1. Would you mind counting up the charge near Val96? Only other residues with Cβ under 11 Å from its Cβ, with Lys and Arg at +1 and Asp and Glu at -1.
2. In terms of the Cα gyration tensor, with a ≥ b ≥ c the square roots of its eigenvalues, is region 71-146 rounded because a/c is under 1.5, prolate because a/b exceeds b/c, or oblate?
3. Just to be sure I understand the model, the point goes 7 Å from the Cα along the line to the Cβ. What's the resulting Ala76 to Asn10 distance in nm?
4. What net charge do the residues around Asn10 carry, taking every other residue with its C-beta under 10 Å from that of Asn10, with Lys and Arg at +1 and Asp and Glu at -1?
5. Can you give the net charge of the other residues whose Cβ lies under 13 Å from the Cβ of Ala76, counting K and R as +1 and D and E as -1?
6. If you project the alpha carbons of the chain onto their three principal axes, what span does each projection cover, largest first, in Å?
7. Rounded to the nearest 0.05, what FRET efficiency do Asp102 and Glu144 give with R0 = 30 Å and r taken as the Cβ-Cβ distance? Could you check?
8. Comparing Asp136, Asp58, Asp86, which has the greatest mean-square fluctuation in the GNM of the chain with Cα pairs linked when under 10 Å apart?
Amino acid sequence: MNILVLNGPNINMLGIREPGIYGKEDYNFLCETVTNYAKEKGVNIELYQSNHEGDLVDKIQQACGKIDGIVFNPAAYTHTSVALLDALKSVSIPTVEVHISDVSKREDFRQVSYVRAACVKTISGHGIAGYVEAMDFLIENYGENK
Ligand code: DQA
């Protein structure tokens, strides 16, 4: 099974940005955590982070036919991007929407998720562990031994 862990803008600033909301662990820790978990589970993993909406659209399109599941934290683009929604709908790859913080308890503008309509599940507020939960969900429901 091939899983893409895709992160949007400012996720590269983890550990520095608003640690009271996003925690003290940095992006490298996130990458190590999901890479180690992939090894443990015997799945292939690809990691990609971009601050640019079009780059994320390109990455989703390139996943078509190659990737079996996407763990996606679109970050701020969650709340604005029809382009990312359309990209996910175009490729029909099972995608879990992940947020480190609990967006449901934050500002009104974070209550809207454009991508959610194209996602099989949303995990919010579980920190970096949410990425591992998302991988588990994809492995259990869409993996080779499903
Ligand atoms: C986030 C929540 C978004 O509202 C915010 O813009 C982010 C990160 C999260 O992981 O909690 O950048 O997706």
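1. Working: positive: Arg116, Lys121; negative: Glu97, Glu133, Asp136.
Its environment carries a net charge of -1.
2. On the way: a/c = 2.80, a/b = 1.27, b/c = 2.21.
Oblate shape, in that a/c is at least 1.5 and b/c is the bigger or equal ratio.
3. In this crude label model, Ala76 to Asn10 measures out at 0.6 nm.
4. Details: positive: Arg17; negative: Glu18.
Overall, the nearby charge balance is 0.
5. Numbers: positive: Arg17, Arg106, Arg110; negative: Glu18, Glu53, Glu107.
Residues close to Ala76 contribute a combined charge of 0.
6. 39, 31, 24
7. On the way: r = 33 Å, r/R0 = 1.08.
FRET efficiency, Asp102 to Glu144: 0.40.
8. It is Asp58.
Values quoted throughout were computed directly from the atomic coordinates according to the rules given, and no laboratory measurement underlies them. Everything numeric in this text was worked out from a predicted model, so none of it was measured. All Cβ positions, even for glycine, are placed from backbone atoms using ideal geometry, and neighbour counts span all protein chains on display.
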